[in-house]
Amino acid sequence: MAEPAPLGSESPASEAAGDFLEAAMTRPRADAAVLAVQGEVDTLTATLFADAVAELMDAPETTLVVDLTGVKFLASSGLAVLIQAAHRAEERNARLRLVVTTRAVRRPLEITGIDQLFDMHSDVHDAIGGDD
């Protein structure tokens, strides 16, 4: 597997946000790009999260996955980023896949109904299509 490349700029604001959020993209298969996110997604980190998700959405791969396994908090600003990404995926005739394992992430997605915009998975292996 390729080494993850850190995402985001090095401005003072993004450096502060980087204290609370990390995002790295990998390509575990030729047709799949996975954005692994760790930390808190809130107003402070939303721009960094949006930049990382935008880079994922610009990837040429047909399978696009946001791995939220390491996310401890997901605020409405993060939900907004995910909604925009779902619409961008739809424009590409694709469906964004999310890996969600914690209540802290699943609950905001479910109570707002936003979970219906995504294919939800419990691990990256399943999200990228398993062994097929």
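The values are calculated or read from the model by the stated rules, or taken from the named source; none is laboratory data. The model shown is predicted, which means the values in this text are computed figures rather than measured ones. Here the Cβ is made from the backbone with ideal geometry for all residues, glycine too, and neighbour counts use every protein chain on show.
Considering only the stretch 52-76, state which residues are surrounded by 17 or more Cβ atoms within 10 Å (Cβ to Cβ) and part of a helix (DSSP H, G or I).
Listed by number, the residues that qualify are Ala52, Val53, Leu56, Met57.
List the number of the failed condition for Ala80; all other conditions in (1) at pLDDT 95 or above; (2) over 20 Å from Asp115 (Cβ atoms); (3) of a type in the set (A, V, I, L, M); (4) surrounded by fewer than 15 Cβ atoms within 10 Å (Cβ to Cβ) hold.
Ala80 satisfies every listed condition except (2).
Suppose we filter the stretch 28-53 for residues that are at pLDDT below 95 and among the aromatic types (Phe, Trp, Tyr); how many remain?
0
Applying the selection to the stretch 37-63, what residues are under 18 Å from Thr101 (Cα atoms) and in contact with a helix residue (DSSP H, G or I) (Cβ under 8 Å, 6 or more places away or on another chain)? Let's see the steps before the verdict.
Taking the stretch 37-63 first, the residues under 18 Å from Thr101 (Cα atoms) are 37-41.
Within the stretch 37-63, Val37, Val41 meet the criteria.
Quick one: what pairs do we get from the stretch 32-51, first residue under 23 Å from Ala94 (Cβ atoms), second assigned to a strand (DSSP E or B) and of a type in the set (D, E, K, R), C-beta under 8 Å, 6+ apart or different chains?
Filtered contacts from the stretch 32-51: Ala33/Arg27; Val34/Arg27; Val34/Asp67; Leu35/Asp67; Ala36/Asp67; Val37/Glu22; Val37/Asp67.
Taking into account only those residues within the stretch 24-51 that are assigned to a strand (DSSP E or B) and of a type in the set (S, T, N, Q), which is surrounded by the fewest Cβ atoms within 10 Å (Cβ to Cβ)? Lay out the reasoning, then the answer.
Taking the stretch 24-51 first, the residues assigned to a strand (DSSP E or B) are 24-29, 32-41.
From what is left, the residues that are of a type in the set (S, T, N, Q) are 26, 38.
Working: Thr26: 18, Gln38: 15.
The selected residue is Gln38.
Give just the number: which of (1) out of contact with any helix residue (DSSP H, G or I) (no Cβ under 9 Å at 6 or more places or on another chain); (2) assigned to a loop (DSSP other than H, G, I, E, B) does Arg95 not satisfy?
Status for Arg95: all satisfied but (1).
Go through (1) surrounded by 19 or more Cβ atoms within 10 Å (Cβ to Cβ); (2) within 19 Å of Glu40 (Cα to Cα) and name the single condition Arg103 misses.
Of everything listed in (1) surrounded by 19 or more Cβ atoms within 10 Å (Cβ to Cβ); (2) within 19 Å of Glu40 (Cα to Cα), Arg103 misses just condition (1).
With the condition kept exactly as written, say whether any residue in the stretch 109-117 is under 18 Å from Asp31 (Cβ atoms) and assigned to a helix (DSSP H, G or I). Steps first, answer last, please.
Start the filter on the stretch 109-117 by keeping residues that are under 18 Å from Asp31 (Cβ atoms), which leaves none.
Within the stretch 109-117, none of the residues are under 18 Å from Asp31 (Cβ atoms) and assigned to a helix (DSSP H, G or I).
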